[in-house]
Amino acid sequence: MIDEIDRAREAGDTKGGGFEVIATGVPIGLGSYVQWDRKLDGRLAQAMMSIPAIKAVGIGLGPEAASRPGSRVHDEILPNADSGRPTGVSRPSNNAGGLEGGVTNGEDVRVSAWMKPISTLMKPLRSIDLTTMHEAAAAIERSDVCAVPAAAVVGEAMVALVLADAVTEKFGGDSVAELDRAVSAWNSTVREQFAAKHS
């Protein structure tokens, strides 16, 4: 990556790229199956698209899911008592990126974003002088070549904010201790529901 950025700098060009944010330990059942504005994948996509220069967002496989057959996209669900999940099931793959139908499923939440190259080039493209409306070289306003590493840090923060919002919506509470109790109670309820199906 560093070599690629260095080559772009030497050429007077800029580079875009992609990054992925992975959130582990996310509770099952965050989001909504039925409310368009509460679906967690939509909220995560909106948050990532709010980052300047982000032009595409993916959950799990993202755009690659469109070019694969269903047998290579959909995640199998298998019993796994050792998974540590209250459901006692897990998915050997995580192509859905931890979200199904707008709701977390217990797998890691995986959100990717793709950023366009920085607009200002050291070898400027043609543009227009708005005072004269004649052709003129674009202005050189900044010297960095690639902002993807910085955008990844912002992406982590945005995913964390959206997930924190979804957690407080579902579990409430005025303190971390109260929130922990609510999450534990929810996990116990889910565990009991799935245990009843096994008996």
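Brief remarks follow.
- Residue in segment 180-199 that is least open to solvent (accessible area, probe 1.4 Å), counting only those that are touching a residue at least 12 places away in the same chain (Cβ under 8 Å) and more than 19 Å from Val103 (Cα to Cα): Ala195
- Residue count for segment 56-78, restricted to those that are within 26 Å of Val183 (Cβ to Cβ) and without any contact (Cβ under 8 Å) to a residue 40 or more places away in the chain: 3
- The residues on offer are Ile28, Ile54, Ile59, and the sole one that is surrounded by 12 or more Cβ atoms within 10 Å (Cβ to Cβ) and at pLDDT below 95 is Ile28.
- Of all residues in segment 120-136, exactly one satisfies the criterion of being among the basic types (Lys, Arg) and touching a residue at least 60 places away in the same chain (Cβ under 8 Å), namely Lys123.
The values are calculated or read from the model by the stated rules, or taken from the named source; none is laboratory data. Since this is a predicted model, take the numbers as computed values, not measurements. Methodologically, a virtual Cβ is constructed for each residue, glycine included, from the backbone with ideal geometry; neighbour enumeration extends over all protein chains shown. Each accessible area value is taken on the protein alone, full model and side chains, heavy atoms only, with ligands, DNA and RNA left out. Shrake-Rupley method; radii C 1.70, N 1.55, O 1.52, S 1.80 Å.
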